[in-house]
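Single-structure report; data block below.
Every number here is computed from the coordinates shown, using simple stated rules; none is lab data. Being a predicted model, the structure only gives us computed values, none of them experimental. Note that we place each Cβ from the backbone using ideal geometry, even for glycine, and neighbour counts take in every protein chain shown.
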Amino acid sequence: MTVLEMLLRYQETDMQLLRVEREINASEERKRLSRVRNFIQKAPERLDVMEEKAFGLHVTLDKLRYNYARICGELDELEKGAGDALDEQSIAYYQKKTEGVLHNLATIRNEIHKLEKTIEQSKKEYDEMKKMTIQMQKTEYPAAKAEYDKKYKEKENEIKKIRADMAEIAKDIPHGYVEKYNTKRKEKVLPVLFDIKGNNMCFCNGDLSQTELFDLDKKGIAECAHCGRLIYRSH
């Protein structure tokens, strides 16, 4: 049996393993575990964003309260001035200024009220998010993991047998070829072995160089410089 034939047998057996892996990955158990795991992994970042937002809201609220207190001080001064005013022109001046200040105070008071409501809602959302994260960690993840492990267990013997068959085939393949194959397999470059037939183009649509074509004619197998696949030509 040639190196190419052994590699094709290795890939054929590996495709059985790939089919089982895809079946497991497409299962509801795997999908649920992935959803829960993704939620838990992203939760710290989401909580940080919420904390940063809350900090910004409190900074804005402090500024509004400061301005409100400052303008209240201006109002006190105006009321004192109005009390000391003797002529109609002075009284009218203080009345107009006081109306403007009262309008500003009313506007700021409304902004403070809205912001306090926003902060209250943000805190509620943060607390709910934190509670949900803890629940996911303590309850949802263990349950989802147990279901997935049960699903995997159903296929474990089949997976072990396929891997044992692959290991047995690999014993007769010259050093280097299996390593190249497994590297591309991990990178999800599939199929690793590709029959170019009568073409001079790989699966990735990359044109083959003269060196690759020479190796192909001489060894029966070559490595694509574009995607790293092991290419051959059936006769």
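Structure data summary
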item	result
Positive-pole candidate from Gln210, Pro174, Ile221, dipole of the stretch 171-224, charges at beta carbon	Pro174
Rg/Rh ratio calculated on Cα atoms of the stretch 28-103 (Kirkwood radius)	1.57
About the Cα centre, charge dipole magnitude for the chain (Lys/Arg +1, Asp/Glu -1 at Cβ), debye	1140
Straight-distance crosslink candidates among aspartates and glutamates, where the alpha carbon sits under 17 Å from Lys171 and sequence neighbours closer than 8 are dropped	Glu5, Glu12, Asp14, Glu179
Entries in Lys123/Lys151; Lys130/Lys150; Lys153/Lys184 that, when Cα-Cα distance is taken, lie over 31 Å	Lys123/Lys151
Scaled radius of gyration (Cα, divided by 2.2 N^0.38 Å) that the stretch 131-235 gives	1.61
Between 0 and 90°, nearest 10: helix 141-170 axis offset from the chain longest Cα axis	30
GNM result for the chain, Cα springs below 10 Å: residue of Lys131, Lys123, Lys96 fluctuating most strongly	Lys96
Helical mean residue ellipticity (222 nm; -39500 (n - 2.57) per DSSP H run of 4+; nearest 500) of the chain	-27500 deg cm²/dmol
Ile24/Lys138 FRET efficiency (R0 22 Å; Cβ-Cβ; nearest 0.05)	0.30
C-alpha center-to-center spacing [the stretch 133-203, the stretch 30-107] in angstrom	59
Most positive-pole-ward Cα, His113, Ile162, Thr60, against dipole of the chain from beta carbon charges	Ile162
On Cα atoms only, tilt of 210-219 relative to the major axis of the chain in degrees	40
Choice from Ser209, Ser122, Ser34 with maximal GNM fluctuation in the chain (Cα, 10 Å cutoff)	Ser209
Volume per residue that the Cα convex hull of the chain spans, once the total is divided by residue count, Å³	216
Value of relative contact order over the stretch 13-156, rounded to a whole percent, pairs C-alpha under 8 Å and six or more apart	45
Nearest-0.05 FRET efficiency for Glu52 and Lys160, computed from C-beta distance (R0 41 Å)	0.25
